[in-house]
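The values are calculated or read from the model by the stated rules, or taken from the named source; none is laboratory data. Owing to the predicted nature of the structure, the values given are computational and were not obtained by experimental measurement. As a convention, Cβ positions derive from the backbone with ideal geometry for all residues, glycine included, and neighbour counts pool all protein chains shown.
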Amino acid sequence: MFVGDIGARAGRDGRAREPQVTVVFARVAGFPRMDAMSAATVDLMDYTDVISRYAPVLGMEVHVELGTATKMFCGCPTEFGAEPNTQVCPVCLGLPGSLPVVNEKAVESAIRIGLALNCSITPWGRFARKNYFYPDQPKNYQISQYDEPIATEGYLDVVLDDGEIFRVAIERAHMEEDTGKSLHVGGATGRILGASHSLLDYNRAGVPLIEIVTKPIEGAGERAPEVARAYVTALREVLKSLNVSDVKMEQGSLRCDANVSLMAKDAKEFGTRTETKNVNSLKSVEVAVRYEMRRQAAVLSAGGTIIQETRHFHEGDGSTSSGRVKETAEDYRYFPEPDLEPIAPDAAWVEELRGTIPEYPWLRRGRIQADWGLSDEVFRDLVNAGALDVIIATVDAGASVDAARSWWVAYLTEKAKEREVALEDLPITPKQVAEVAGLVEAKTINNKVAKQVVDFVLAGEGEPAAIVEAKGLGMVSDDSALQTEVDKALEANPAIAEKIRSGKIQAAGKVVGDVMKATRGQADAARVRELVLAACGVSE
Ligand SMILES: [Zn+2]
């Protein structure tokens, strides 16, 4: 057969046929039964006993899916949730003769992540083939980086709950491609155990991933589970601030594996570690590490040995169960990827990217809190409400901190809850909120009308000032118009008017209320009160 033959091959009907790439769900049977060993009856040591007898050593591996528009080595889109096998091409399906090309944006993101983690960026490094067969891996190898990762030797200073800083050393961050997804059908749990068949979706195959690996984390002692959670929390925040990934753990765009081992207090060497895979929430990271510490301690103290294996985390009861025996690097037969040129970022580009690394989110928060003069409690509330960024943007657009905070934390939080969306997804911009605050400040509208204006903006009726104008919502500030209403209201309430005249100025509330009603809430209540008192010849 000659090169080029495939594209011109004639079918029985005599017409030339294009080569077709049609991947439907492939049925795969005969997976190893990874879940066969369950977590049924496992001894756990009391946590304080674990700490008195052993020192935990952690190693965290975090996979981050980059938010690039296209895949790592081809032009296929990466959108989450598309119909299965609609975002595929010969390259990411590993069809013979297809050649990968590196996505520059992914390399840029990898370098920025490395810089944000205080790593050195390699001036020259190759991709490597990691060889293994798995049905969600159509090439039967994964393009990764092995001994020449893009970023090495960094660290991240993690703030613990009590404010103490714990430095986590980063060994490396390297680029690789994601695998496809298997869906196991017919079983009760969605796991492979008990499934009748499995479906494969290759949309995710080839999506750019960065794997960030820490050095062994020692010295955390009883705080090891907290350190693990704090590290992933901090890393997630940094990645979010870099805008390289949406870091959604529940959608798998940030996946965490926790390596845990224990050393007896007098031991010189690390114990055997286990790797708990895909721990998919921040809280679970802490729970999984604590569970493994207690389980391993029970095994070791009973004279047993820890097997180097992967373990599955069970969200329901916070336990882990045995997975597969862990491969070693030798099993993968790594070799330099022959289809790709080495990555050789020049120093000027790296320096340019260094200039794009933002302040760490927690440092930024501390600085802003001090600038705004807010208490820890008030500040924590607005951070927890997810309102910090929109408040900053609103202040930047000219609103006072108080006004911006009050809009976003109170009224707009309520609106976001009603609509079940995040604050930043409400159809009102920080600039528009600042405009409304400006209208209140200038006494063009009062607070009550301001809420109506916000409602109109949320309903898509335009810009705040234009809405006030078009709907005639501006405050009645013309004294002569107000005076007429004040006189009418006093006439209608002669007994109250008499009381006010006799000095019982607290009685003025009723008259002010009537005037506000008459002006459809658009008057400045304080000014109305002044006019009422003046008309009765009294003052505050
Ligand atoms: Zn593709």
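Some values worked out for this structure:
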read-out: Test: Glu108 is surrounded by 14 or more Cβ atoms within 10 Å (Cβ to Cβ), among the acidic types (Asp, Glu), away from the ligand (no atom under 13 Å from the Cβ) and within 31 Å of the chain's Cα centre (by Cα); value: yes
read-out: Among (1) modelled with pLDDT of 90 or more; (2) within 29 Å of Leu426 (Cβ to Cβ); (3) part of a helix (DSSP H, G or I) - the single one Leu490 does not satisfy; value: (2)
read-out: Residues that are in contact with a helix residue (DSSP H, G or I) (Cβ under 8 Å, 6 or more places away or on another chain), more than 11 Å from Val454 (Cα to Cα) and among the basic types (Lys, Arg), drawn from region 410-437; value: Lys431
read-out: Flag for Arg167 being outside any loop (DSSP other than H, G, I, E, B) and surrounded by fewer than 20 Cβ atoms within 10 Å (Cβ to Cβ); value: yes
read-out: Single residue of Gly474, Gly460, Gly503 found to be part of a loop (DSSP other than H, G, I, E, B) and at pLDDT 90 or above; value: Gly460
read-out: Tabulated pairs, region 96-109, first more than 14 Å from Ile210 (Cα to Cα), second surrounded by fewer than 16 Cβ atoms within 10 Å (Cβ to Cβ) and of a type outside the set (Gly, Ala, Ser), C-beta under 6 angstrom, 6+ apart or interchain; value: Ser98/Pro90; Leu99/Asp339; Pro100/Asp339
read-out: Identity of the residue in region 482-511, within 56 Å of the chain's Cα centre (by Cα) and without any contact (Cβ under 8 Å) to a residue 24 or more places away in the chain, that ends up nearest to Lys443 (Cα to Cα); value: Gly509
read-out: Search result, residues across region 72-82 that are more than 11 Å from the ligand (Cβ to nearest atom) and in contact (Cβ under 8 Å) with a residue 24 or more places away in the chain; value: Phe80, Ala82
read-out: Evaluation of Glu148 against (1) acidic (Asp, Glu); (2) part of a loop (DSSP other than H, G, I, E, B); (3) in contact with a helix residue (DSSP H, G or I) (Cβ under 8 Å, 6 or more places away or on another chain) (one fails), failing number; value: (3)
read-out: Boolean, Pro90 is surrounded by fewer than 21 Cβ atoms within 10 Å (Cβ to Cβ), farther than 27 Å from Arg167 by Cα and within 11 Å of the ligand (Cβ to nearest atom); value: yes
read-out: Sole residue being in contact with a helix residue (DSSP H, G or I) (Cβ under 8 Å, 6 or more places away or on another chain), over 18 Å from Val279 (Cβ atoms) and modelled with pLDDT of 95 or more, chosen from Val238, Val232; value: Val238
